[in-house]
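I have placed the structure first, in the form of structure tokens, so that the comments after it can refer back to it.
Derivation of every value follows stated rules applied to the coordinates shown; laboratory data play no part. Computed from a predicted structure; not experimentally measured. Neighbour counts run over all protein chains shown; Cβ positions are idealised from the backbone, glycine included.
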Amino acid sequence: MFTLNGKSMVVIGGSRGVGRQVVEAGVRNGMRVLAVARQEERLRQLARDVPGAEILALDATGESAPARVLETLTPDILVVAAGAFPPAAPLHEQSWQQFSVNWESDVKIAFHFAKAALSRPLAAGSSVILISSGAALAGSPNSGGYAGAKRTQLFIANYGQKESDRLRLGLRFSALAPRMMPDTELGKHAVAGYSRYLGISVADFIKSIAAPPTSSDVATAVIELAADPERTKGKAFIVSGKGLEAVAA
């Protein structure tokens, strides 16, 4: 493991939820951190709350977004945590637009930034960490294409590592698949949707989640991967309240 003090980190989706927790953890560990998100007011609030955090407002789904971000700060650690809220309805009640929303956001963002890391390329030794979801492994029948989109993010991390190795770029790709986090906006959205779907109370649904992580747990996992990239490169990990567990991508 090595110290992160003085390293640079870019967090895509850094204004809320897991992304914001990663920004805070990065600053605490002495890193220069750039938070990137679409909503400028959220970013301004983050800058007020976390002295030292830098901000950049843009739509990360745009094809030109990686170039603008990497021109602002070339990171030692690139964290992709951005994504859309999925629908909260069973398959037959969704439109295609609802079903595919996470493909047009989460997957597109991961694709563009992984491609940029390989094509630019980032400096040898840099890490790319994609934040996926436990739904990528367990499925999620009440959220349309979300589980498939998050599974594809695991594949993108795996493919990115293979290409880095093949081209001898020295990059380290990894992915995290956190279980449902009831403390985040996304987690609360999912909890409410599944409670309705199953016809049980929110409290009972939360009780049914085995060792749910907090957004802070996931941020801690990101720091752990960033500090020990050789051990974790090319791998995917479930994140629960018990910590990291390696899984096959």
* Percent breakdown of C-alpha pair distances by 10 Å bin, ordered from the shortest bin, for the stretch 202-249 -> 25, 47, 21, 7, 0
* To do: Compute the Rg/Rh shape ratio of the stretch 1-73: radius of gyration over Kirkwood radius, all on alpha-carbon atoms.
  => 0.96
* Structure fact -> Relative contact order of the stretch 144-222 (C-alpha contacts under 8 Å, at least 6 apart) in percent is 25
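If the viscosity is 0.890 mPa s and the temperature 25 °C, what translational diffusion coefficient in µm²/s does Stokes-Einstein give for the stretch 84-152 when Rh comes from Kirkwood over Cα pairs? Present the calculation step by step, with values, prior to reporting the outcome.
Working: Rh = 13.0 Å.
The calculation lands on 189 µm²/s.
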* Asked: So in the chain, what percent of DSSP beta bridges are antiparallel if you round to the nearest 5?
  -> 15
* Residues GLU24, GLU245, sorted so that the one with the fewest Cβ neighbours within 10 Å comes first -> GLU245, GLU24
* Asked: Reported to two decimal places, what Rg/Rh ratio describes the stretch 101-249 when computed on Cα atoms with Rh from the Kirkwood expression?
  -> 1.01
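Hey, got the dipole for the chain? About the Cα centre, +1 on K and R Cβ, -1 on D and E Cβ, debye to the nearest 20?
320
Counting other beta carbons within 10 Å of each residue's own, what order do SER8, SER133, SER174 fall into, fewest first?
Values: SER8 18, SER133 31, SER174 26.
Lowest count first: SER8, SER174, SER133.
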* Structure fact -> Here D for the stretch 1-148, in µm²/s, from Stokes-Einstein with a Kirkwood Rh over Cα pairs at 37 °C and 0.692 mPa s, works out to 206
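Assigning unit charges at the beta carbon (Lys, Arg +1; Asp, Glu -1) and nothing else, what dipole magnitude in debye, to the nearest 20, does the stretch 1-90 show about its Cα centre?
Values: 10 positive and 9 negative charges, 48 e Å.
With only Lys, Arg, Asp and Glu charged at Cβ, the dipole is about 220 debye.
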* Among PRO212, PRO87, LEU171, which residue has its Cα positioned farthest towards the positive end of the charge dipole of the chain, with +1 placed on the Cβ of Lys and Arg, -1 on the Cβ of Asp and Glu, and the dipole taken about the Cα centre? -> LEU171
* Structure fact -> Mean projected area (nm²) from the convex hull of Cα positions in the chain is 12.6
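Can you tell me the relative contact order of the stretch 1-97? Whole percent, Cα pairs under 8 Å, sequence separation 6 or more. Numbers along the way, then the final one.
Details: 161 pairs, mean separation 30.6, N = 97.
It rounds to 32 percent for the stretch 1-97.
To make sure I understand, if each residue's beta carbon is the centre and we count other beta carbons within 10 Å, what order do HIS189, HIS112, HIS92 fall in, fewest to most? The partial results should precede the final answer.
Values: HIS189 15, HIS112 21, HIS92 5.
Listing HIS189, HIS112, HIS92 from fewest to most nearby Cβ atoms yields HIS92, HIS189, HIS112.
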